[in-house]
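The values are calculated or read from the model by the stated rules, or taken from the named source; none is laboratory data. As the structure is a prediction and not an experimental result, all values here were calculated from the model. Don't worry about glycine lacking a Cβ; one is built from the backbone with ideal geometry, like all the others, and counts go over all protein chains shown.
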Amino acid sequence: MAMEITRRSLLNGILLGTASMTVSPTVLSMVGPNPSIVRLSANENPYGPSSNALKAAAQASNKGAYYPGKIAAELMQMIADKNKLEVNQVAISSGSNEALSAAVVGWGKEGQIISPSFTYDLHLGYAQRIGTKVLRVPLDNDMSIDLDAMQAAVDKSVSMVYLCNPNNPTGKTIDGDTLRKFCRAVGKKVTVLVDEAYNELTDNPEYTSMVDLVREGENVIVMRTFSKLYGMAGMRVGYALGRKDLIKKVRNHIMAWPNIVGLAAAHACYNENDFIEYSIDKINQGRDLVNEVFIQQGIEPLPSETNFVLADIGRDVKDFEIRMRQENILVHRAYSLYPNHLRVSMGKMEDLREFAEVFKRVYNS
């Protein structure tokens, strides 16, 4: 009985937003960023999850002894409806990374995966470790994805082409119609996997997205996540959109079920337009501030339509990142291909203002 009362008290405390509930300081110290550190090293959205998502998560956690049930099917239907697809054209995963991994493993059995040399690649590394071959194509001189070179690399040894649009870590967006032309042409030979983790943050998400090609039945898979716009990186919910035969293949290689808490939160906030607008506005404000900081120091950042900014700071980021860390500011570690390029992710405005002061001091010292 005492245990049941405690669980109910905790749930009520979360739902009502009271300060009276007790949570172990040890537990709190193990989740999220250290409160004494400004973490701008991961592409998180600190303004989420929304209050509705948190309430739904709290209610769902009280059913944590059970497997998710129909909430997954309900969320899939919501996603299908919003994107004008059938429900069998949607697969839910534990973060988009799991669906990405499932896709490159599934297609990797049939041939090589072509990818830009500088892009999000955790799933590609996973696939390589279990035998998939990945061909990495260098970026253009302006750090854009070289679509012509990627198309030219497609031959009978290739099964899939992977693209992240907007690209991580450059932040650059491929023009929507340019990418459509590429997908239609390459899709006649191999499947095109388009990672749209940041699509909802672009200036024109519908134009930039390849979901319309999915509706047309093209040989294209689109991946999305609740980690960025919705601020749910720790709750691990993502999804894939594609032709039903492609989605069946992705689903057959997904290894784990999404968790009940993340599903409930995603269901609660997927169509929460007020929070979506608020989230986008805050991210845009933060990006403007970071761009201004760079420009004030004579640094030209790459154009970004994401929740991060990449810039060549003209010096070794490995050493610079250490110096920033000594000032309690975490920025992304150096990239081997571009050792002078620094990536800064968005935080809350007060964190970014602190970053601005520290960056100027460290950069000019």
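Assorted remarks:
- Of note, LEU229 does not satisfy the criterion of being in a helix (DSSP H, G or I) and in contact (Cβ under 8 Å) with a residue 12 or more places away in the chain.
For every residue, the table says whether it meets (1) of a type outside the set (Ser, Thr, Tyr); (2) more than 18 Å from the chain's Cα centre (by Cα).
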{"residue": "GLY242", "(1), (2)": "yes, yes"}
{"residue": "ASP245", "(1), (2)": "yes, yes"}
{"residue": "LYS248", "(1), (2)": "yes, yes"}
{"residue": "ALA265", "(1), (2)": "yes, no"}
{"residue": "CYS269", "(1), (2)": "yes, no"}
{"residue": "SER279", "(1), (2)": "no, no"}
{"residue": "ARG287", "(1), (2)": "yes, no"}
{"residue": "GLN297", "(1), (2)": "yes, yes"}
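- Within segment 232-270, being buried (at least 20 other Cβ atoms within 10 Å of the Cβ), out of contact with any Phe, Trp or Tyr (no Cβ under 8 Å at 6 or more places or on another chain) and not in a helix (DSSP H, G or I) holds for ARG236, TYR239, ALA240, LEU241, GLY242, ARG243, ILE254, PRO258.
- Failed condition for ARG325, given (1) of a type in the set (Lys, Arg); (2) loosely packed, with under 14 Cβ neighbours inside 10 Å; (3) farther than 27 Å from ALA197 by Cα: (2)
- Screening segment 286-322 for residues that are basic (Lys, Arg) and either in a helix (DSSP H, G or I) or assigned by TED's automatic domain parsing to the domain that holds PRO169 (or both) and picking the one that is surrounded by the fewest Cβ atoms within 10 Å (Cβ to Cβ) gives LYS318.
- Residue in segment 80-91 that is surrounded by 14 or more Cβ atoms within 10 Å (Cβ to Cβ), of a type in the set (Gly, Ala, Ser) and at pLDDT 95 or above present: yes
- Checked against (1) over 15 Å from ASN97 (Cα atoms); (2) in a helix (DSSP H, G or I); (3) among the basic types (Lys, Arg); (4) out of contact with any helix residue (DSSP H, G or I) (no Cβ under 7 Å at 6 or more places or on another chain), LYS189 passes all but condition (2).
- Residue in segment 271-285 that is out of contact with any strand residue (DSSP E or B) (no Cβ under 9 Å at 6 or more places or on another chain), closer than 23 Å to VAL358 by Cα and part of a loop (DSSP other than H, G, I, E, B) present: no
- Within segment 103-142, being within 25 Å of ILE92 (Cβ to Cβ) and aliphatic (A, V, I, L, M) holds for ALA103, VAL104, VAL105, ILE113, LEU122, LEU124, ALA127, ILE130.
- Any chance ILE247 is in contact with a strand residue (DSSP E or B) (Cβ under 7 Å, 6 or more places away or on another chain) and over 30 Å from MET143 (Cβ atoms): yes
- Segment 117-135, residues that are in contact with a helix residue (DSSP H, G or I) (Cβ under 9 Å, 6 or more places away or on another chain) and of a type in the set (Gly, Ala, Ser): ALA127, GLY131
- So TYR207, is it surrounded by fewer than 24 Cβ atoms within 10 Å (Cβ to Cβ) and modelled with pLDDT of 95 or more: yes
- Within segment 104-123, considering residues that are within 24 Å of SER144 (Cα to Cα) and small (Gly, Ala, Ser), the one surrounded by the most Cβ atoms within 10 Å (Cβ to Cβ): SER115
- Screening GLN112 on (1) in contact (Cβ under 8 Å) with a residue 24 or more places away in the chain; (2) within 19 Å of the chain's Cα centre (by Cα) shows it passes everything except condition (2).
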